[in-house]
1. Just to be sure I understand the model, the point goes 7 Å from the Cα along the line to the Cβ. What's the resulting Arg201 to Lys109 distance in nm?
2. Rounded to whole Hz and in sequence order, give me ³J(HN,Hα) for region 110-125 from the Karplus expression 6.51 cos²θ - 1.76 cosθ + 1.60, θ = phi - 60°, writing x for Gly and Pro.
3. Need one word for region 38-127: rounded, prolate or oblate. Basis is the Cα gyration tensor (sqrt eigenvalues a ≥ b ≥ c); a/c below 1.5 gives rounded, then a/b vs b/c decides.
4. Can you bin every Cα-Cα distance in region 179-251 into 10 Å intervals starting at zero and give me the percent of pairs per bin, rounded to whole numbers?
5. Which residue, chosen from Tyr181, Gly140, Met75, occupies the Cα position most advanced towards the positive end of the dipole of the chain, where the dipole is computed from +1 (Lys, Arg) and -1 (Asp, Glu) charges on Cβ about the Cα centre?
6. At 222 nm, what value in deg cm²/dmol follows for the chain if DSSP H runs of at least 4 each add -39500 (n - 2.57) and the sum is divided by all its residues, to the nearest 500?
7. For the chain, what relative contact order do you get, as a whole percent, if you take Cα pairs closer than 8 Å and at least 6 residues apart?
8. Quick one: length gained pulling Glu163 to Ile45 fully straight, 0.36 nm per residue minus the C-alpha distance?
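Please treat every number below as a calculation from the coordinates, not as lab data. In this text the structure is predicted, and so the values were computed from the model without any measurement. Positions of Cβ are backbone-derived with ideal geometry, glycine not excepted, and every protein chain shown enters the neighbour counts.
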Amino acid sequence: MLFRSLLFCLVALFVGTSAHAITIKSVTYTTKDAGKIVFDHNFHIKQSGINNNCKACHNEIFDMKKKVRYSMADMEQGKSCGACHGKTAFSLKDCARCHTVKDITFKVKETGSLAFSHGNHAKKYACGSCHPRLYNAGGGNKRVSMAEMENGKSCGACHTGKEAFPLAACGKCHPTKEVTYKVKGAGKVLFSHKVHTGIARCNDCHTKVFGYGKAKKVFSMDDMEKGKSCGACHNGKKAFTVKANCAICHKM
């Protein structure tokens, strides 16, 4: 009798110890259109309403035997994560709390790299404002020209001057820098984008007077006096004439 009691205690102790020794891992889901999502079991099981009770979710909400994938539309109908999120936990619309977002750099041949900040945009807009209406969240989006943006596509859907700053404010997205020209026999000439964009718009010069990127053709002072290159504005009407004090531009 004593042996049976001792055996029973040992079995109970072993089972109890084993139960506490069970480890649960985070699960990573790879989505086609929205990157990876990490589900943290340890975080969720501590929440009120679950309180270390696995049965709160299994198998009523998540059936461990049936590997079913749910869409966001399904979740909005209360399935999968939607059983709690939007009711007893944060809304499904807070996409970035589960879906990893990062800043994106676009390489533009003519104007240099362009950085898109998800963080800055997410402060004002919900993810659904752009995805998937304007952009596929998983990448693979078609490159759009400025002309297409001016017709309301891509960034142009918001950057109209009403909802967000206009596309004409190029320097807010496209980086500009100071340009130094070495002129044989006349020292260096500094062209300041900062000064010029303070008094003119980018499209006043690009691409009517100057192409994007480094200029291939070098213009003489005679060319400028005929209205080419800097002479398109520096004619004594729009800006000081190229015949004025040369030292304004040429640094000997």
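1. Placing both labels 7 Å beyond Cα along the Cβ direction yields 2.6 nm.
2. Each residue's phi maps through the Karplus curve to give 7, 10, x, 6, 10, 9, 10, 9, 5, x, 5, 6, 5, 5, 10, 10 Hz.
3. Values: a/c = 2.76, a/b = 2.46, b/c = 1.12.
Prolate shape, in that a/c is at least 1.5 and a/b is the bigger ratio.
4. Bin by bin from 0 Å, the calculated values are 17, 58, 25, 0.
5. It is Tyr181.
6. Numbers: 8 runs with 53 residues, N = 252.
Value at 222 nm, helices only: -5000 deg cm²/dmol.
7. Numbers: 216 pairs, mean separation 25.3, N = 252.
It comes to 10 percent, rounded to a whole number.
8. Here the segment from Glu163 to Ile45 would lengthen by 38.3 nm.
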